1. Work out from phi, with θ = phi - 60° and the Karplus expression 6.51 cos²θ - 1.76 cosθ + 1.60, the ³J(HN,Hα) of each residue of the range 91-102, listed in order in whole Hz, and give x for Gly and Pro.
2. Assuming a viscosity of 0.890 mPa s and a temperature of 25 °C, what translational diffusion coefficient in µm² per second does Stokes-Einstein assign to the chain, Rh being the Kirkwood radius over Cα pairs?
3. For the chain, modelled as a GNM with alpha-carbon contacts under 10 angstrom, which of D56, D23, D85 fluctuates the most?
4. Hand me the chymotrypsin sites (Phe, Trp or Tyr not before Pro) from the range 1-86 located in a DSSP loop with no more than 12 other Cβ atoms within 10 Å, in residue order please.
5. Return the sequence-ordered ³J(HN,Hα) values of the range 2-10 in whole Hz as given by the Karplus equation 6.51 cos²θ - 1.76 cosθ + 1.60 applied to θ = phi - 60°, using x for Gly and Pro.
6. Which value in deg cm²/dmol, rounded to the nearest 500, describes the helix-derived mean residue ellipticity at 222 nm for the chain, given -39,500 (n - 2.57) per DSSP H run of n ≥ 4 and division by the residue count?
7. Looking at the chain as a GNM with Cα springs under 10 Å, which of V76, V91, V57 has the largest mean-square fluctuation?
8. Mind listing the long-range amide H neighbours of K54? Cut-off is under 5 Å, sequence gap 5 or more, other chains count too, H placed in the peptide plane at 1.01 Å from N.
Amino acid sequence: MEVTVTSENFETLKKGQLPLVIDFWATWCGPCRMVAPIMSEMAEKYDGQIVVGKCDVEECEDMAAEFNIRNIPTVVFIKNGGVVDKIVGAVSKQKFEEKFEALLK
């Protein structure tokens, strides 16, 4: 299940024991709507192994600024409290699966 990432809960999620994947998106973004079902599927598939979150860039401008988000969707992969990878734009489900698997290694 996906969680909503906000400025208030980000530090707790980042410091958690599981890797964190954050999907930065906006309601008006077409490519974001293409990525959304893939992220939902990944959240289900990797439940208990990876925390998958969504962060609306319009509601959390400070988070978008902190991660230097210039284009959406941007998916950020965090492990041990630090960013280890990111994907900008809509990509295939296979590409997301590769990144999720790499995060578990």
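Each reported figure results from applying straightforward, stated rules to the coordinates on display, with no laboratory input. The model shown is predicted, which means the values in this text are computed figures rather than measured ones. Backbone-built Cβ (ideal geometry, glycine too); neighbour counts: all protein chains shown.
1. Per residue, the Karplus-derived 3J(HN,Hα) values read 10, 6, 4, 4, 5, 4, 4, 4, 5, 5, 4, 4 Hz.
2. Numbers: Rh = 13.4 Å.
For the chosen part, D equals 183 µm²/s.
3. Answer for the Gaussian network model of the chain: D85.
4. Values: sites: F10, F24, W25, W28, Y46, F67, F77; in loops: W28, Y46, F67.
Passing sites in the range 1-86 are W28.
5. Rounded to whole hertz, the list is 6, 10, 8, 9, 10, 4, 6, 9, 4.
6. Numbers: 4 runs with 38 residues, N = 105.
Using -39500 (n - 2.57) per qualifying helix, the result is -10500 deg cm²/dmol.
7. Most flexible of the set in this elastic network: V91.
8. Those qualifying (amide H under 5 Å, at least 5 residues apart or on another chain) are V3, T4, V5, D23.
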